[in-house]
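A.B. asks: Shown below is the structure under consideration.
Here, each number is a calculation from the coordinates, and none is a lab measurement. Owing to the predicted nature of the structure, the values given are computational and were not obtained by experimental measurement. Ideal geometry is used to build each Cβ from the backbone, glycine not excepted, and the neighbour counts take in all protein chains shown.
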Amino acid sequence: MRIAAFVVDEWPLARGVLDVTLLQRSALGLRGPPGELERVERGSRIPAGLSRDHQRELLRHLRIQLLGTPPNDDRDVLGAQWFERIDLAAGEKCRVDLEVRVLRRRADQRDEAGLHGRQQRILLGLVEAVDLVEEEDRAPARGSQALAGALEHGADVGDRGRDGGQLLELGARRGRDDAGERRLPAARRPVEDRRRHPVLGDGEPERRSLTHDAFLADEVVEPGRSEALSERRDLREPLARGIGEEIAHAGKYAPALEMATLSIRDEATELLRELLRLNTVNPPGNETVAAELLRDYLEPFGVECELLGRVPERKNLVARLPGRGDGPRLLLLSHTDTVVADADEWSVDPWGGELREEHVWGRGALDMKGQVAASAVAIATLAREGFGPAGDILFAATADEEVGEEVAFGLSWLCEAHPEVIRAQYCLNEGGGDRISFGGRTYYLCSTSEKMSSPFRIRVHGRAGHASMPGIADNALVRAAPLIERLGAYDPAPRLLPEVEEFLRTLLGRVPEPDQVVDELRDLDAVLAGWVEPMLALTISPTIIEASRARNVIPSAVDLVCDCRLLPGQSRSEAEADIRATLGEDHYDFDWLEAHGGTRSSMHTPLWEAVASFVTEEEPDAALVPIVLPGFTDSHYLREAFGTIAYGFFPMRTMDPELAARLVHSADERIHVADLEYGARFLIHAARTLEA
């Protein structure tokens, strides 16, 4: 619902009028305060007053230049006066925090619109500009008084009875025109203004009205509320004072006012910069500082926030926008820890959150504090708009995703220790959203499944000896060399999973034979072939080797650790048999170290439809295609614990996907602010579509 207000010449700030025209009620963080305006049907545009007196304006500028009188910059005055605090005088216990008036009348008469409730357009001439009177239940602010210039109105200096310019009113008035002197007010002065205030800024003498565009409501209805006996009225009577609304103290909605003036891009950008300035490299993590920052950002908008952690310094944030209870839960999942960064390799401070050339730079900008910021802005936007979802909308910013071994601190711990908090039917996480072009058409990649992270260790045996006499020893390191070469040349038989078949069918219009897929794609697009190849079979990469710790000792044993990723549904026993067949039997031991992931979600769900609808709305000729994620994400824990439908999708269309892939976990990691906004808009769309 709009708040009835006024637009003045479409300036950034109105002259003498509180500029709240474009703000939505939900953007103010208001949830039905007493006395709220319940209905505003439509407004009529009314030209009011004459043009500016150019001679007076010229005189004012000459006065500033020659006599040094304080400038009368309306925007500065409004900015300064907004935060003044006012103390109630006796007899004003019926609080009026913000009162908007239209077509003032005498002090002893009601100020009413005076227009027929159904009138569409009326041309008025010489209608006096509107006033605002802002009052709060606070003591008056103490501030310095403005010094008078040679042509300054005397009532503007040292005013204790508020004869000069009043709050949010730019024009000064004559002495003794104020009810604060405990006498009858002069004509046309507001009787509500009964307290002492300092004069703020330079009060210009009253002048002829400017041309204004005023939006007047056809019909405004005010619900019943308690009122002082002297002000009680019959609800059948026209609304007193024309247009009015009692709002709680300005301090309560000042953050919402500020955010309402920001775009989604600006809001997400500033939040991301704050997150990047927090060093949450894992280990040790220290993710609590990020969780607290997000909580402090979300709670003013009415989003419920809870911080949960195994230890105080590694807490997870779980935020909730409550639903009606007749729909599924949607979880926006992200993590706040990052990998390490070597500042010597960066051209900027990895923890500086620098904004340069439309990119936000810092460790974690892509993986994945950018999505953290976008998710937070998405749920905050929904809350501000008063969106009532069918089911709960959750936002989780978890710890310990980058390591997550042995003792867990992040999502896996939440699933075990607090399943009722994190349980959800649907989830959107990292792992997809890349935009590629192929054959003259655009495709967005959405990960619906992921490979299992299942590293293994090979221990090669030999016989120790002195390095000066290699002939009497059996060097285990030399024995390990051919095994490493065999692992490097390992080429397992490809297989086509349902996700890969759908991917190929969408791009090629058909599904080639498994052993022909990579060669056929490489002839068409080498980059695309590199994307698809890991989806066809398990992968093995030797990464760590440990042998003798002394230069002059031939090692008797060598430990070789290999990263291994299995296809969803592939067993470790099947993979081990294939690996042993490749290595042969040659004095080694084989051991699996751990296993995480290897789960998948169906492509035929309402969440898939929500993602696809966003793609087609943004780019009608684009298509959404599923992929098998070569890596491993926290989505696995949700699928395993609750059967959650979890997709990896955070769309990007400005940064090249190849560049983004190279920057993850690398120096000069950064994200384009347009992609940040794009991702936030997608998350808002998905929540609205799924939870309508």
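A.B. asks: How long are the semi-axes of the equivalent ellipsoid of segment 361-454, taking √(5λ) for every eigenvalue λ of the Cα gyration tensor, in whole Å from largest down?
C.D. replies: 25, 22, 15
A.B. asks: Along the Cα→Cβ direction, 7 angstrom out, place labels at Glu345 and Asp563. What is the inter-label distance in nm?
C.D. replies: 1.3 nm
A.B. asks: Given that compact globular proteins tend to follow 2.2 N^0.38 Å, what is the ratio of the alpha-carbon Rg of segment 418-567 to that value?
C.D. replies: 1.50
A.B. asks: Which of Val289, Val527, Val460 has the fewest other C-beta atoms within 10 Å, and how do the rest follow up to the most?
C.D. replies: Exposure proxy ranking, most exposed first: Val527, Val289, Val460.
A.B. asks: Taking 0.36 nm per intervening residue step and subtracting the Cα-Cα distance, what contour gain separates Val421 from Ala623 on full extension?
C.D. replies: 69.3 nm
A.B. asks: In addition: Report the extension gain between Ala641 and Asn552 in nm, rounded to one decimal, defined as 0.36 nm multiplied by the number of residues separating them, less their alpha carbon distance.
C.D. replies: 26.9 nm is the gain from fully extending Ala641 to Asn552.
A.B. asks: Can you compute the modelled spin-label distance between Ser263 and Glu292, with each label point 7 Å from Cα toward Cβ, in nm?
C.D. replies: 3.3 nm
A.B. asks: Next question. Once Rh is set to the Kirkwood radius over Cα pairs, what Stokes-Einstein translational diffusion coefficient, in µm²/s, holds for segment 617-688 at a temperature of 10 °C and a viscosity of 1.306 mPa s?
C.D. replies: The Stokes-Einstein estimate is 109 µm²/s.
A.B. asks: Across every pair of different alpha-carbon atoms, what Kirkwood hydrodynamic radius in Å does segment 571-692 reach?
C.D. replies: 17.9 Å
A.B. asks: Taking a point 7 angstrom from the Cα of His466 along the C-beta vector, which residues in segment 556-592 have backbone N less than 14 Å away?
C.D. replies: No residue qualifies, since no backbone N sits under 14 Å from the label point.
A.B. asks: Here's something else I'd like to know. Please sort 647-659, 394-406 by packing, taking for each peptide the average over its residues of neighbouring beta carbons within 10 angstrom, highest first.
C.D. replies: 394-406, 647-659
A.B. asks: Using alpha carbon centroids, what distance separates segment 532-610 and segment 313-374, in Å?
C.D. replies: So the two Cα centres are separated by 29 Å.
A.B. asks: If neighbour count is taken as other Cβ atoms inside 10 Å, put Thr338, Thr539 in order from fewest to most.
C.D. replies: Thr539, Thr338
A.B. asks: Another question, then. Search the structure for amide H atoms under 5 Å from the amide H of Gly465, placed 1.01 Å from N in the peptide plane, and list their residues when 5 or more places away or on another chain.
C.D. replies: Under 5 Å from the amide H of Gly465: Ile554.
A.B. asks: Using a Förster distance of 41 Å, how high is the FRET efficiency between Leu659 and Arg495, based on the Cβ-Cβ distance and rounded to 0.05?
C.D. replies: With a Förster radius of 41 Å, E is 0.85.
A.B. asks: Next up: Can I get the semi-axes of segment 305-391's equivalent ellipsoid? Compute them from the C-alpha gyration tensor as square roots of 5 times the eigenvalues, in angstrom, largest first.
C.D. replies: They are 32, 17, 9 Å, listed from largest to smallest.
A.B. asks: Sorting check: for 596-608, 344-356, 628-640, which peptide has the highest mean count of neighbouring beta carbons within 10 Å, and how do the rest follow?
C.D. replies: By packing density, highest mean first, the sequence is 628-640, 596-608, 344-356.
A.B. asks: Right, here's the next one. Roughly what percent of Cα-Cα pairs across segment 521-590 reach past 13 Å?
C.D. replies: 76 percent
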